[in-house]
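The values are calculated or read from the model by the stated rules, or taken from the named source; none is laboratory data. Keep in mind that this is a model prediction, so the values were computed, not measured. All Cβ positions, glycine included, derive from the backbone under ideal geometry; neighbour counts span all protein chains shown. All accessible areas refer to the heavy atoms of the entire protein, side chains included, with ligands and DNA or RNA removed. Shrake-Rupley method; radii C 1.70, N 1.55, O 1.52, S 1.80 Å.
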Amino acid sequence: MSKPTVVLLHGVGLDHSMWEPAAALLADRFTVIAPDLPGHGARPPVRDGVTLADLADGVLGEIPAGSHLVGFSLGALVAQHLALQRPELVATLASVSSVCARTAEERASVLDRLRTAEADFTASAAASLERWYAGTDVDPDRVARTEAALLSNDVGSFLNCYRVFATADAELAPDLAGIAVRALAVTGENDPGSTPEMTHRLAAALPDCRAVVIPQARHMLPVERPEAFVDSLTTFIGECAHV
């Protein structure tokens with residue numbers, strides 16, 4: 001009997017390697033697919049004006065019909081777009097450390113981070129690492145790998161994708177009620193950007209969505225707390241399979 005497929009979509013400035021701790025825990029029960037988003041990893045840089053739809057179209061060919069689709073941060077917005085536009089691909093939807101319908105204050109904060117990246121990309125990367133990993137017990141080698149992935153970005157391409165991350169939640173918000181699949185929204189208790197309040201906001205916006213907040217975790221939940229993340233995901237998928 002073939003294993004169900006889980007497709008993992010990473011966040012902005014990262015690549016498929018961010019999923020390695022979680023993928024290792026999923027591999028015994030699932031076929032795991034972790035593509036690089038357009039403009040990331042081994043993919044060529046993206047053009048100015050790239051859209052959320054462009055990023056989604058760039059991974060369509062890697063998603064078998066009926067997959068359990070899991071997106072992290074920017075990847076969560078891509079996954080939500082796919083659940084709306086290509087529902088036949090999506091058996092369940094999991095949005096990990098996702099933003100949702102940012103308030104004016106939340107939008108100002110992310111646009112400020114975008115301006116920092118435009119002015120000094122290296123300083124922006126260092127600030128991201130601090131925001132994601134400060135005070136955690138993540139292995140320094142894993143933090144170094146995250147840093148290497150960030151710094152390997154084509155800066156123009158990164159900024160183009162970051163603009164999508166900073167704005168696409170507003171584009172998606174009016175349509176979230178149209179996502180018909182069962183959904184999970186999960187984030188870390190101490191995530192300063194994709195906050196627990198946003199996760200509850202997303203769960204309220206979707207017709208059938210559970211909110212889960214992992215205690216004492218920050219933004220890089222699948223890296224920092226892979227066991228807790230995988231437990232929440234597999235519990236959700238298992239319950240959906242038995243309905």
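Against the criterion of being touching a residue at least 60 places away in the same chain (Cβ under 8 Å), open to solvent by less than 60 Å² (accessible area, probe 1.4 Å) and either in a loop (DSSP other than H, G, I, E, B) or aromatic (Phe, Trp, Tyr) (or both), residue 99 qualifies.
Would you pick out the residues in the range 203-226 that are more than 26 Å from residue 128 (Cα to Cα), open to solvent by 50 Å² or more (accessible area, probe 1.4 Å), in contact with a strand residue (DSSP E or B) (Cβ under 6 Å, 6 or more places away or on another chain) and outside any strand (DSSP E or B)? Selection gives 208 alone.
Only one of the listed residues (61, 39, 75) is of a type outside the set (S, T, N, Q), crowded, with 24+ Cβ neighbours inside 10 Å, outside any loop (DSSP other than H, G, I, E, B) and at pLDDT 95 or above. That residue is 75.
Test residue 91 against the stated conditions and say whether it is closer than 23 Å to residue 236 by Cα, surrounded by fewer than 23 Cβ atoms within 10 Å (Cβ to Cβ), among the small types (Gly, Ala, Ser) and in contact with a Gly (Cβ under 9 Å, 6 or more places away or on another chain). Spelling it out, residue 91 is indeed closer than 23 Å to residue 236 by Cα, surrounded by fewer than 23 Cβ atoms within 10 Å (Cβ to Cβ), among the small types (Gly, Ala, Ser) and in contact with a Gly (Cβ under 9 Å, 6 or more places away or on another chain). Among all residues of the range 77-93, there is none that is basic (Lys, Arg), more than 23 Å from residue 190 (Cβ to Cβ) and without any contact (Cβ under 8 Å) to a residue 24 or more places away in the chain. Just so you know, in the range 152-166 the residues that are touching a residue at least 40 places away in the same chain (Cβ under 8 Å) and open to solvent by 50 Å² or more (accessible area, probe 1.4 Å) include one that is nearest to residue 39 (Cα to Cα), and it is 154. Only a single criterion out of (1) open to solvent by less than 10 Å² (accessible area, probe 1.4 Å); (2) within 17 Å of residue 163 (Cβ to Cβ) is not satisfied by residue 46, namely (1).
Only one of these conditions is not met by residue 193: (1) assigned to a loop (DSSP other than H, G, I, E, B); (2) more than 19 Å from residue 168 (Cα to Cα). Which number is it? Status for residue 193: all satisfied but (2).
Candidates are the residues of the range 1-36 that are out of contact with any helix residue (DSSP H, G or I) (no Cβ under 9 Å at 6 or more places or on another chain) and in a loop (DSSP other than H, G, I, E, B); the one that is modelled with the lowest pLDDT is 1.
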